[in-house]
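The values are calculated or read from the model by the stated rules, or taken from the named source; none is laboratory data. In this text the structure is predicted, and so the values were computed from the model without any measurement. With ideal geometry, Cβ positions are generated from the backbone for all residues, glycine too; neighbour counts draw on all protein chains shown.
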């Protein structure tokens, strides 16, 4: 109290008043509000005139400022009508070319990994000091700076920004990702090469803990799609999440397109988790999988069915989105009383939330190695035989 009194005395403020606002300060803000009201009226008049002279551009500008984004999911899914297999990073790249036409305010690039991340938008140029209309951005090898630039663009408004790098390098821009979540910004982080299946680059480039660590950031939506169709839904949601950043975790290796389940994916993927294949007969257990491991779960389901054990397969591309669903829906996907087994090419820590125990998870709790992707997956236990064995041990 004594130090506070001396401080007020030095500032020339009345010592006896517990809360004091100098008249000069209150008058300054009163004038400032009046100035801002004038600026607002001038802006509204300018917009009104602009819309009269340029009605179509005026409507587009108004839509951009509002932040609304309409993404036609059917158009995105149609890209893969005749595609049997494709990596989700490649699917993302194909989707991006369609989004370029659907969303004129989509801008972005990568941290010098455009060809690998599949983040180059065709026929729209590169932003530079001589070309302000270019929609591709050369961020350079600086992930953190890229993340902060995306956040700045999102804060400014009028644009939907995205930036790509390898999933393992998300650690380099984690503070920017965290700030995007904290501020509720529509920044989109395209994170490819999402598992040890990226292969020969070795353990420095192979993400182990990154998927789970991103899920831990409050307010960040994390999608790890199983195929091109789920990737389409993930992009749609990322663009329409006006007040939420999204991380898209995408595979290097080619994955089958889930044509057999296309209607189910279309109707349910946006819920974060859904029953992809309920199996036949009395269900004995639930297999939960994400990304590339969804296909492994479907293969294991078929083997178990032949042996007389019925299990359902749940695709869970997004934990946070699933948690937003109703209690009844979540119970219908993960019924109480049934054993749950999860499979994901990453750490097992955290999966007990759905499985009850980390013993019920086929995952990775050590660093990767340098070898071809398919060899890596086999050596690290991501085989049909191993998953079937895991299910049997749980049962």
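Tabulated data
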{"quantity": "Given (1) under 30 Å from residue 60 (Cβ atoms); (2) crowded, with 19+ Cβ neighbours inside 10 Å; (3) under 13 Å from the mean Cα position of the chain (by Cα), index of the condition residue 212 fails", "calculated": "(1)"}
{"quantity": "Region 308-336: number of residues that are loosely packed, with under 15 Cβ neighbours inside 10 Å and assigned to a loop (DSSP other than H, G, I, E, B)", "calculated": "5"}
{"quantity": "Test: residue in region 337-353 that is at pLDDT 95 or above, assigned to a helix (DSSP H, G or I), farther than 29 Å from residue 204 by Cα and in contact with a strand residue (DSSP E or B) (Cβ under 6 Å, 6 or more places away or on another chain)", "calculated": "no"}
{"quantity": "Leading residue by the ranking (nearest to residue 225 (Cα to Cα)) among those in region 354-385 that are in a helix (DSSP H, G or I) and touching a strand residue (DSSP E or B) at 6+ places or on another chain (Cβ under 7 Å)", "calculated": "354"}
{"quantity": "Sole exception among (1) without any contact (Cβ under 8 Å) to a residue 24 or more places away in the chain; (2) surrounded by fewer than 16 Cβ atoms within 10 Å (Cβ to Cβ) for residue 366, by number", "calculated": "(1)"}
{"quantity": "Residue check, residue 153 assigned by TED's automatic domain parsing to the domain that holds residue 246, part of a strand (DSSP E or B) and surrounded by fewer than 24 Cβ atoms within 10 Å (Cβ to Cβ)", "calculated": "no"}
{"quantity": "Number of the exception - residue 122 against (1) surrounded by fewer than 16 Cβ atoms within 10 Å (Cβ to Cβ); (2) over 17 Å from the mean Cα position of the chain (by Cα); (3) at pLDDT 95 or above; (4) more than 24 Å from residue 94 (Cβ to Cβ)", "calculated": "(4)"}
{"quantity": "From the options 276, 258, 287, residue that is closer than 24 Å to residue 388 by Cα and either out of contact with any strand residue (DSSP E or B) (no Cβ under 6 Å at 6 or more places or on another chain) or at pLDDT below 95 (or both)", "calculated": "258"}
{"quantity": "Residue pairs meeting the criteria (Cβ under 7 Å; at least 6 apart or on separate chains; first closer than 16 Å to residue 259 by Cβ, in region 85-96; second part of a helix (DSSP H, G or I))", "calculated": "86/228; 88/228; 88/231; 91/228; 91/231"}
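Let's see how each residue does on (1) more than 17 Å from residue 290 (Cα to Cα); (2) outside the structural domain of residue 321 (by TED's automatic domain parsing); (3) out of contact with any helix residue (DSSP H, G or I) (no Cβ under 8 Å at 6 or more places or on another chain):
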position: 340; (1), (2), (3): no, no, no
position: 343; (1), (2), (3): no, no, no
position: 349; (1), (2), (3): no, no, no
position: 355; (1), (2), (3): no, no, yes
position: 371; (1), (2), (3): yes, no, no
position: 374; (1), (2), (3): yes, no, no
position: 379; (1), (2), (3): yes, no, yes
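Yes/no matrix, rows are residues, columns are (1) touching a residue at least 24 places away in the same chain (Cβ under 8 Å); (2) under 22 Å from residue 90 (Cα atoms); (3) in the same structural domain as residue 107 (by TED's automatic domain parsing):
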| position | (1), (2), (3) |
| --- | --- |
| 208 | yes, yes, yes |
| 220 | yes, no, yes |
| 277 | yes, no, no |
| 290 | yes, yes, no |
| 303 | yes, no, no |
